[in-house]
Amino acid sequence: MIVSHEWLRAFVPHALSAAQVGELLSAHVATLEGVEALRADLAPFVVGQVVASERIPDTKLSANRVDDGSGALLDVVCGAPNVEVGAKYPFARTGTTMPGGTLTIERRKIRGHTSNGMLCSARELGLGDAHDGILTLATDAAPGTPLLDVLPLGDARIELDVLANRPDLLSQRGVAREVAALTGVPLQAPPELRTTPALPDVAAGLESASAAGVTIRIDDPAGCPRYCAAVVRGVRVGPSPDWLVRRLEGLGARSINNVVDATNYALHGLGQPMHAFDVARLADATVVVRRARPGEPITTLDGVARTLGADVLVIADAERAQAIAGVIGGRDSEVTGETVDVLLEVAYFDPQRTRDSRRQVNVNTDASYRFERGVDRAATRELLDAGVALLTAVAGGTVAAILDVGEAPGPLPPVTLREDRIAQVLGVAVGTHDVERLLAAIGFELRHEADAPDRGRVWRVQPPSWRQDIAREIDLVEDVARLVGFDAFPDELRPARPGTSPDDPLVIATRRVRAELVAAGLLEARPLPFVRGDDATHTRVANPLGEDEPHLRRAVLETLVDRAEHNLARMQGDVRLFEIGSAFEPMTAGALPTETLRVGALVMGARRPPHFTDPKPPAFDVWDAKWIGERAARAAHPAGRVACIPAAGDELWSVTVDGRLVGRVVRLALDAPVWAAPAFGVEIALGVIASEPVAGHGANRWSAASDGHAASAAARVPPLGFRPLPTTPAVDLDLALVVPDGVTAAAVADVLRATGGSLLESLEVFDEFRGGDLPPGTRSLAWRLVLRDPSRTLRDKEVEGRRERLLAALDAQLGVSTRGR
């Protein structure tokens with residue numbers, strides 16, 4: 001999408017440069033592809049004023065004194081006959097390179113006079129073909145003013161990469177809406193759109209309408225829901241005014257004539273393709289929107305004779321097709337220099353039908369590009385008025401009739417927007433006032449629905465008619481984010497959820513316990529769950545990382561004890577560590593150990609860091625350990641009743657939840673120097689990870705489940721196992737089955753597994769089909785079966801035999817047959 005900077009300023013009179021506008025749009029609207037300055041070759045030229053002039057004898061030359069704003073008058077020799085004292089002309093100073101780059105102005109002697117620059121003609125500047133005199137400037141600008149500030153030639157093209165979901169940006173006005181919202185400068189109509197001619201009453205109908213001798217009929221309302229047109233009589237086809245030529249040149253389009261240029265203005269400026277027909281060349285002055293007849297011929301505006309298929313939507317007269325709807329017009333009804341009466345078409349064509357037509361005739365146009373993505377259907381009549389105003393302004397004429405056939409669409413469905421959802425998606429809150437201000441600035445209507453203390457404000461948002469891409473709440477959140485500016489959001493990584501599945505209860509419990517223990521001043525350790533142990537009491541790992549620690553620990557405290565002894569060996573007696581990790585209870589031979597997730601804590605030494613106000617803080621004691629155990633248990637099991645029951649020996653307290661043993665508080669025996677303080681340990685079970693049932697617990701063994709979550713999780717999680725990669729090839733067997741509606745896919749799968757035997761490695765449904773030639777009350781399910789023998793390659797005869805056996809079992813047990821039989 002190419003945006004003309006000067007055209008954009010006509011809609012939004014901002015003070016930004018083209019480069020600044022491009023960066024603003026790139027940051028908030030669409031990716032900037034580049035900014036190209038037009039007539040940048042005229043940047044060195046300035047306004048020069050002749051203050052004195054005299055003829056050089058025996059020549060057609062004049063010696064002039066020119067004020068170029070530098071503070072000193074320059075001697076300039078000129079051969080133009082129209083040099084006048086006091087007049088202002090384009091001036092090229094010494095060293096200026098002329099447009100085209102073939103000539104650089106130098107100081108030189110001409111007939112005994114020194115010339116320091118050049119007064120320029122329109123042809124020398126590339127502004128026209130006139131070369132019989134220099135270009136006189138009708139301006140009050142002071143000498144030395146850049147020429148581009150005097151002549152409106154310094155436009156720039158801003159190229160944007162507009163994605164398919166934003167067809168509203170495929171016009172100067174659409175981009176101007178965004179610039180107005182981002183800069184705060186109000187959107188306005190350009191001068192050429194501020195005058196509307198007197199319009200007659202509208203002739204309207206759902207299927208057809210007639211006025212001023214012209215009839216319009218829609219035979220295919222699905223392809224064209226609405227067709228509006230104006231009949232303008234007495235137009236004068238000719239060259240376009242300079243302002244219209246410059247508008248189109250700013251986009252790289254060439255001027256054709258005033259009528260066609262007016263339609264191109266509407267296409268590029270307002271985003272609505274329009275087409276002008278010569279009324280005199282329409283049979284019976286009739287327009288019919290219909291499907292093409294099979295093999296119907298048409299010669300389009302590009303001079304190509306085309307043959308149309310029956311699914312192509314055309315604009316026809318009473319006899320033949322005159323245009324391919326939404327794609328390209330026909331040559332037989334185009335506007336020419338003899339045209340007097342014009343029918344100006346403004347319609348809405350179905351995007352899919354437009355795309356199908358465009359692909360069939362193999363032609364791409366600016367019109368089809370916009371219709372395929374969706375124009376503003378609700379603005380058809382409004383845009384027709386704008387098109388009529390443009391047409392009559394540049395080509396004259398009188399509006400004889402306005403016809404409106406079809407039905408105007410209703411508003412787009414409203415969307416609910418929640419303030420807390422914005423904060424959840426973006427990671428930061430956006431103020432209520434800012435949300436309302438930003439969305440209202442780009443045309444949304446917000447109605448306050450509710451306020452919730454924990455959710456913030458809730459709005460019912462009505463999208464504008466040109467934003468058909470807004471269908472969900474997340475679409476509105478995206479608009480808020482881009483208008484705020486993505487560079488305004490923090491760039492540090494924050495907690496985020498990649499999906500919508502909730503966390504496992506064990507993960508939630510782990511998060512609570514970690515937060516509690518960190519708040520209590522403990523530091524988290526994350527060692528590996530391997531210990532020295534022995535084969536009689538621990539589970540040995542088949543491939544240990546090191547032979548000094550080849551066993552899986554039975555308690556988290558086993559690892560924390562090693563960490564504490566490591567600290568003591570380095571003269572560090574103040575230890576406050578915790579770990580959340582797995583412990584493994586050995587099971588019977590050949591079975592996997594039971595894995596439980598536990599939290600362990602070890603404290604010894606000073607209860608808090610020393611301070612000059614408390615140089616010798618007290619040491620941890622049994623009551624501190626009890627407090628840590630209770631705090632961890634409450635965090636792990638918030639819904640239960642936590643109690644600590646005195647125990648005997650080194651086990652000081654048994655921690656229970658609703659009477660169920662979940663942990664312990666113990667005094668630890670360390671390999672410690674004599675100066676070390678007593679060490680205390682806490683271990684609380686969070687839940688079972690492995691699926692094996694927990695059994696045979698002794699006095700120091702326990703199981704735990706928080707409200708039954710861990711136990712249910714254990715029941716549904718299969719035990720981990722190892723299976724070598726296969727060395728023989730698999731055979732994929734696809735079955736297309738006709739299944740009665742009362743038979744479930746699970747029932748089919750059970751029969752396939754039972755009949756497939758050991759060769760059936762896996763099966764899955766990959767397609768479902770209904771209708772077509774299937775009997776009523778049935779559907780087609782396509783299954784993919786993978787067959788493999790682990791010791792050899794299967795033969796074709798074996799696979800075919802297994803297939804026949806599977807189909808026979810399905811037919812006999814479920815009444816399922818294979819499709820095609």
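Observations on the model:
- In segment 573-602, residue nearest to Glu630 (Cα to Cα) [restricted to those that are in contact with an Asp or Glu (Cβ under 7 Å, 6 or more places away or on another chain) and in a loop (DSSP other than H, G, I, E, B)]: Pro593
- Those strands (runs of 3 or more DSSP E) of segment 723-803 in which at least 2 residues are within 15 Å of Arg819 (Cβ to Cβ) and hydroxyl-bearing (Ser, Thr, Tyr), considering only elements entirely within it, cover 778-787.
- Here Arg358 meets each of (1) open to solvent by 30 Å² or more (accessible area, probe 1.4 Å); (2) within 16 Å of Ala266 (Cα to Cα); (3) at pLDDT 90 or above; (4) basic (Lys, Arg) with one exception, condition (2).
- Breaking point among (1) free of Cβ contacts under 8 Å to residues at least 40 places away in the same chain; (2) among the acidic types (Asp, Glu); (3) assigned to a helix (DSSP H, G or I), for Glu449: (3)
- Hits in segment 81-104 (condition: of a type in the set (Ser, Thr, Tyr) and exposed (fewer than 11 other Cβ atoms within 10 Å of the Cβ)): Thr102
- Boolean, Gly69 is under 30 Å from Ser17 (Cβ atoms), open to solvent by less than 80 Å² (accessible area, probe 1.4 Å), free of Cβ contacts under 8 Å to residues at least 12 places away in the same chain and out of contact with any Asp or Glu (no Cβ under 6 Å at 6 or more places or on another chain): no
- Any hit, segment 444-464, residues being open to solvent by less than 90 Å² (accessible area, probe 1.4 Å), at pLDDT 90 or above, in contact with a helix residue (DSSP H, G or I) (Cβ under 9 Å, 6 or more places away or on another chain) and of a type in the set (Gly, Ala, Ser): no
- Of the criteria (1) touching a residue at least 40 places away in the same chain (Cβ under 8 Å); (2) open to solvent by less than 90 Å² (accessible area, probe 1.4 Å); (3) within 26 Å of Thr432 (Cβ to Cβ); (4) not in a loop (DSSP other than H, G, I, E, B), which one Arg512 fails: (3)
- Residues that are part of a loop (DSSP other than H, G, I, E, B), crowded, with 16+ Cβ neighbours inside 10 Å and among the aliphatic types (A, V, I, L, M) within segment 122-178 comprise Ala122, Leu125, Leu127, Ile134, Leu135, Leu137, Ala141, Leu151, Leu153, Val162, Leu170, listed in sequence order.
- Just one of the numbered conditions (1) closer than 23 Å to Leu670 by Cα; (2) loosely packed, with under 15 Cβ neighbours inside 10 Å; (3) of a type in the set (Gly, Ala, Ser); (4) in contact (Cβ under 8 Å) with a residue 40 or more places away in the chain is not true of Ala591: (1).
- Residue match in segment 335-344 (condition: crowded, with 21+ Cβ neighbours inside 10 Å and over 22 Å from Leu270 (Cα atoms)): yes
- Residues of segment 751-766 satisfying the condition of being closer than 20 Å to Ala812 by Cα and either among the acidic types (Asp, Glu) or surrounded by fewer than 16 Cβ atoms within 10 Å (Cβ to Cβ) (or both): Arg753, Ala754, Gly757
- Residues that are basic (Lys, Arg), more than 18 Å from Val314 (Cα to Cα) and either outside any helix (DSSP H, G or I) or touching a Ser or Thr at 6+ places or on another chain (Cβ under 9 Å) (or both) within segment 347-377 comprise just one, Arg377.
- Qualifying residue in segment 559-577 (condition: under 52 Å from the mean Cα position of the chain (by Cα), buried (at least 21 other Cβ atoms within 10 Å of the Cβ), more than 15 Å from Phe620 (Cβ to Cβ) and at pLDDT 90 or above): yes
- The residue of segment 378-435 that is surrounded by the fewest Cβ atoms within 10 Å (Cβ to Cβ), among those that are assigned to a loop (DSSP other than H, G, I, E, B) and within 21 Å of the chain's Cα centre (by Cα), is Pro413.
The values are calculated or read from the model by the stated rules, or taken from the named source; none is laboratory data. Note that the structure is predicted; figures quoted are calculated from it, not measured. Methodologically, a virtual Cβ is constructed for each residue, glycine included, from the backbone with ideal geometry; neighbour enumeration extends over all protein chains shown. The area values use the complete protein model at the heavy-atom level, side chains included, leaving out ligands, DNA and RNA. Shrake-Rupley method; radii C 1.70, N 1.55, O 1.52, S 1.80 Å.
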